[in-house]
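Computed from the coordinates by the stated procedures, all read-outs in this text should not be read as laboratory data. What you see is a predicted model, and the numbers here were worked out from it, not measured in a lab. Using ideal geometry, Cβ is built from the backbone for each residue, glycine included, and neighbour counts are taken over all protein chains shown.
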Amino acid sequence: MAASNPDAVYLKDYQPSAYLINRTELHFDLLEDCVIVSSRIHLLRISAPAETASITLNGEEMELLSVSVDGRKLEEEEYRVSAKALVIYSIPEQCVLACETRIRPQENTSLSGLYKSRSLFCTQCEAEGFRRITYYIDRPDVMSVFTVTVEGDLQRYPVLLSNGNLIETQQVANGRHSAVWHDPFPKPAYLFALVAGNLEYIEERFTTMSDREVALRIYVEKKDIDKCGYAMRSLQQAMRWDEEVYGREYDLDIFNIVAVDDFNMGAMENKSLNIFNTSCVLCSSQITTDLGFQRVQSIVAHEYFHNWSGNRVTCRDWFQLSLKEGFTVFRDSQFSADMGSATVKRVEDVSLLRSVQFAEDAGPMSHPIRPESFIEINNFYTATVYEKGAEVVRMIHTLLGAESFRRGSDLYFERHDGQAVTCEDFVLAMEDASGINLQQFRYWYSQAGTPHLSVQDDYDEAAQCYTLHVEQSCPATPGQAKKSPFVIPLAVGLLGEAGNLPLRLQDAPADTDTGDNTHRVLTVSQSKQSFVFEGVTERPVPSLLRGFSAPVSLHFNYSSQDLCALMRRDGDGFVRWDSAQTLLARVIFAVEQQFVSGTAAILDQLLIDACSDLLRDESLDPAMVAEMLRLPGEEYLAEQASQSGGANVDSIHQAREWVRSALGQALAPLFLQRYQGLESHLAAATEATQIADRSLRNMCLGYLVSGNRDNLALASAQYRQATNMTDRQAALKEIAFYAGHELRASTLDNFHQQWRHEALVVNQWFQVQAAIPDSEGLSRVQLLMCHADFDLGNPNKVRALVGGFVNQNLINFHHLDGSGYRFLKDMVVKLNRLNPQLASRLLTPLTKWRRYPDRGELMRAELEGLAAEPALSSDVFEIVSKSLQ
Ligand code: B3K
Ligand code: ZN
């Protein structure tokens, strides 16, 4: 472990800053081996006045060249520099503090602060990267008006960017030039950005709702200039949508996006200068899959939406991260739903939540969406804070209704514009605007864990009454043994023989909100509660948790016939999908049991019939049919299995493969018919119907290959004839996973030859190979790590290859000889030095050791090994130590 273990920070210890920084002036001298940063910060003490007082500024990994106060250079005894701070012993109530520091972006492999991505200077300051640039009060509630001068070589760095408006540019001596940027909006340091390099841009104009012209630019390397159009269109759509749906207008004359290769996550919402991972901006149908296009659209929108939910109104402290992230994810999911199929979007979001967030909630890092403490804030950019946070905002939307929710968001933005606030302020605005009391609802912010909702029904034929008995509970999570009941909006319908029945809830006014009398949102707020429906003329099948109205795990004892009925006929698209998933999971687990007990596996005829109906009905949205036929992932199945005793990855994998193959065989003619019928076109590659067709067609291909290896010929033909990356990659995957050595090797080789100049496609190539579930799994990955195109310094490559292996190749990662675990441990040790944020993210699969009774000890041993490593970063230390507790 580290010589001294890093300490935790607690929400309860929050204190406002003693100082404000009204203005911040920065000057960057970009040199080839270092950067000289000169800062002038205008300080004002706001805590109890005193003659003199000390100040502590955050600062790491930098060399202090000089420090002065109001123009007077300080003597060495007037201050102290430590590894993490600069303390000045005595400072006037109001003054200008000037520092000159030297930093080395060229050596910064952590990609936090100012660093170099290839030949480009760029920054990433959220959460605490600014303190690696200059000494500062680096916390989100210290907001300042920034003026930034960037000076560098004209040839190497013709483009010099920072936040806000460009004030002036100048040629200076020695072939250098400079640019001055001023951002009139006060902002926390985490939203600061700087970019310098040789970039080209595309430009469009946007006229805002109040008729202001905004210049929109996307900056990329010259070779990528033809791949920015889709991101630009997405930005324009997002800007219009935010005006129409939230009444939010853009507030500066310029909005820039820059794409960089080396980036720790997807993108960053720096004020007016968003910095993006190239993987989240660049697209063309030649190099990008349909999923990739959707990702670009939603991330461009997400970062843009932060301009209001995050930037204009920001977080008081990092415990409030979900204030901006949960709300912004909710906003971007509404946007994506409006741009495409709302049900498909919901299905994708819920699949992610259930496989990743539910697992997080059940593991050692479980935390509420507003955590109470952390060691390293970078570890809390989690599915809980983001995705569950968005679900919590969605529930407020459901409980208030769309109109009151909009009044609440207007009030929130109006009340807090220019402030750094808390989740509580958000909830208060929602309460004030709607008159609805959210007191008990607030437990969603403070309690961790996935609530368990168990429902039983009871039908009284004589009285024509149908009752739902609902019970909620929530498992203990670290530090929270007992939970209070949550407020759970439970959207329901009742399915009869001829469709959904009209609902009359006893003792309740008619639900006027939806105008649909077959749908109703019940508010569950007690541990046990019953809801009685009157005038129910037949025994219905309950359609529960429609639209996934709350992030809970739902339990109702459906028969397989019930599930088939819901799957075929329920009025709610989400419930139709969810019933299919439940049935598929049930069949897979049944087959797993048959394997374990040595009996011959058989496929449930009910499932075959239901899938056959789905495939035959050409009136259904092909995208939804594809989602309904998608087998639940191994990760999700393992999580499910661990809830009831323990997961065995090998038998889960075997059973899942068997079910796919058996279904592929049973319905081979139908799969082939749909496969051949769904033509795939390049034209209008992003158009919804084409995407839907491709998605079902490729799903059929998967089943066909699983059912009969001869169908690899179809995959081969598709690979050769594909006019877009979606079809090419789908075919490649089938070949890589299931073809014999020769075909596999030649196809993979062909793919690499063809795309080796497109880094993003090479990453897809790494990722497909990392996931191949054959006995060569780990050695293939190890070999690929020596490939000339691999680079440990580039997070996209590491995520594709190492992440692809540990997250998507479950049987190899969990090999009983422990080699997968050792491999991950060794990678984490290496990356811990280079890029701690990346290291700690990769570590997640090892933290789930308790899920696997048969090999958990092997996993734990690697965690112990990591714990014994010297010089662990706070990032890795926190995950390791919490996993071992
Ligand atoms: N706010 C950034 C995430 C920053 C992560 C820092 N470790 C991107 C986003 O959520 O929009
Ligand atoms: Zn965000």
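Observations on the model:
- Gain upon complete extension [Glu213, Ser446; 0.36 nm per residue less C-alpha separation]: 79.6 nm
- Working from Cα pairs under 8 Å separated by at least six residues, relative contact order for the stretch 1-145 is 27 percent.
- Gln464 paired with Ser775, simple spin-label distance in nm, labels 7 Å along Cα-to-beta-carbon: 6.7
- If the segment from Gln605 to Arg406 were pulled out straight at 0.36 nm per residue, it would be longer than the present Cα-Cα gap by 66.9 nm.
- Full extension of the chain between Ser527 and Gln753 yields a length gain of 75.3 nm, computed as 0.36 nm times the residue separation minus the alpha carbon distance.
- Normalised contact order of the chain, rounded percent, pairs of Cα under 8 Å and 6 or more residues apart: 9
- Computed from the Cβ-Cβ distance with R0 of 22 Å, the FRET efficiency linking Thr689 to Gln561 stands at 0.10.
- The alpha-carbon of Lys825 sits under 13 angstrom from the alpha-carbons of these aspartates and glutamates, leaving out residues fewer than 8 places away in its chain: Glu862, Glu864, Glu869.
- Overall form of the stretch 129-257: oblate. Here a/c, set by the Cα gyration tensor axes a ≥ b ≥ c, is 1.5 or more, and a/b is not larger than b/c.
- Rounded, prolate or oblate (a/c below 1.5 giving rounded, otherwise prolate when a/b exceeds b/c) for the chain by Cα gyration tensor: prolate
- Gyration tensor (alpha-carbon) shape descriptor, the stretch 292-331, a/c threshold 1.5: prolate
- Put a dot 7 Å past the Cα of Arg569, heading toward its Cβ, do the same for Gln439, and the two dots end up 4.5 nm apart.
- Note on Lys227: no lysines have a C-alpha under 18 Å away, same-chain residues under 8 apart excluded.
- Hits among aspartates and glutamates - C-alpha to C-alpha of Lys222 under 18 Å, sequence gap 8 or more where chains match: Glu200, Glu203, Glu204, Asp261, Asp262, Glu758
- With R₀ set to 41 Å, the beta-carbon distance separating Asp253 from Ala498 gives a calculated FRET efficiency near 0.10.
- This model, with +1 at the C-beta of Lys and Arg and -1 at the C-beta of Asp and Glu, gives the chain a dipole about its Cα centre of some 980 debye.
- Efficiency of FRET between Leu64 and Ser473 - r from beta-carbon atoms, R0 41 angstrom, step 0.05: 0.15
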